[in-house]
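Step one of this worksheet: look at the structure below.
Values quoted throughout were computed directly from the atomic coordinates according to the rules given, and no laboratory measurement underlies them. Nothing here was measured: the structure is a model prediction, and the numbers come from that model. Every residue, glycine among them, receives a Cβ derived from its backbone with ideal geometry; neighbour counts consider all protein chains shown.
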Amino acid sequence: MKNKNKVIFILVIFYFLSGCGQFRTTNEKDVLFEIKKGENFDEVVKKLKDEKIIKNTFLFKWQASFINPKKPVKYGIYLIKKREKNSSLIKKIFSGKSYSVNVTIPEGSNVFDIARILENKNLVKREEFLKELKNPDLLSEAGLSANDVLEGYLYPDSYSIPLNYTPKQIISVFIKRFKEAVNNEVINAAKKRKLDFKKVLILASIIEKEAKYEFEKPIIAGVYYNRLKKGYKLQADPTLIYGLILDGKYDGNIKKSHFSYDSKYNTYKHYGLPPTPICNPAKSSILAAIFPADVDYLYFVAKPDGTHYFSKTLEEHNRAVHQYQILPAIERREKKLKSIN
């Protein structure tokens, strides 16, 4: 009977305190709260009190003893909602489920684009991220050697990244997603066609930067394979641009002098593929590089609508360049001059 009365008494006290708001946080807006590695529960509770997130440490500890007794808190960064229930907060800090940031890496992003995106989301510092890309452990995780690069292996997709993740952890997430998308089935398909997968990925990265529409990817792949077989230079603008970016010489415009620029990525100057991927391509671009369209084209030029005109001869290509590049440029220039006058 005495035990029953004790239980009733505790429940009454619990109900009363709940009604008084003792079992809710006191923050009047959503806040981020960090638990550092090595901090224990008592230190965390004190910090919650110091940051005016909870009012009564005794009641908070008492409630925690029922919810998660004798378990350590997990380090991380947690989002604490305005006047959140203590029970919810307690479960949160014992769960290790840190506050996550939604990030989208667009198809065709290079490592510099990704570093900028992550820095803008306050997830990394740009230079630290770029430095971590040389980490031997990460290169090994991607199946690469110490002399390789991770460009091409950071899969473009939408992610939910915990705010406390290190650059190394974030890169590892990208590599794991790459392995999920580009699985053994894809790699074996390349092997069956006697293709070197590293070269497939390099070509896929060029296709990704050239093609605006999915249906053109296999055709563009076919053009590049035809040029390689005939011993022609690829003459791909995206590779030239990437080399300029690496050397800090690209301002958003290709200049005439750039076509003779001495870079291994300048496919106007050098034969064959560039030494590494130039971006992180989608799976569809990789598949296009494995299964190119059977075409006779050797050239293509972009049209104003983003599609391409494909040609079999240089003469036909030059006419297309005049029609789809030179004439529209002249028209734009004349229109601009008229608007000024």
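Numerical summary
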item	result
Restricting the range 94-146 to trypsin sites (Lys or Arg not before Pro) in coil, as DSSP defines it, with at most 14 other Cβ within 10 Å	LYS97, LYS121, LYS125, LYS134
Magnitude of the charge dipole, the chain, Cβ model with Lys/Arg +1 and Asp/Glu -1, debye to 20	1500 debye
Proximal charge balance of PHE310 [Cβ under 15 Å; K/R count +1, D/E count -1]	-1
Over 27 Å (Cα to Cα) - which of LYS212/LYS269; LYS82/LYS168; LYS49/LYS125; LYS179/LYS269; LYS121/LYS336; LYS121/LYS191 fall in this group	LYS82/LYS168; LYS49/LYS125; LYS179/LYS269; LYS121/LYS336; LYS121/LYS191
Qualifying trypsin sites (Lys or Arg not before Pro) in the range 162-196, DSSP loop, other Cβ atoms within 10 Å at most 15	ARG193, LYS194
Positive-pole candidate from ILE202, GLY231, ILE93, dipole of the chain, charges at beta carbon	ILE93
Charge-dipole axis of the chain as Lys and Arg at +1 and Asp and Glu at -1 on Cβ define it, positive-most pick from ILE54, ILE117, SER311	ILE54
Cubic angstrom per residue, convex hull over Cα atoms of the chain	218 Å³
Charge sum, other residues only, whose C-beta stays under 11 Å from ILE90's C-beta, Lys/Arg counted +1 and Asp/Glu -1	+4
LYS55 versus LYS269: modelled label distance in nm, points set 7 Å from Cα along the beta carbon direction	7.1 nm
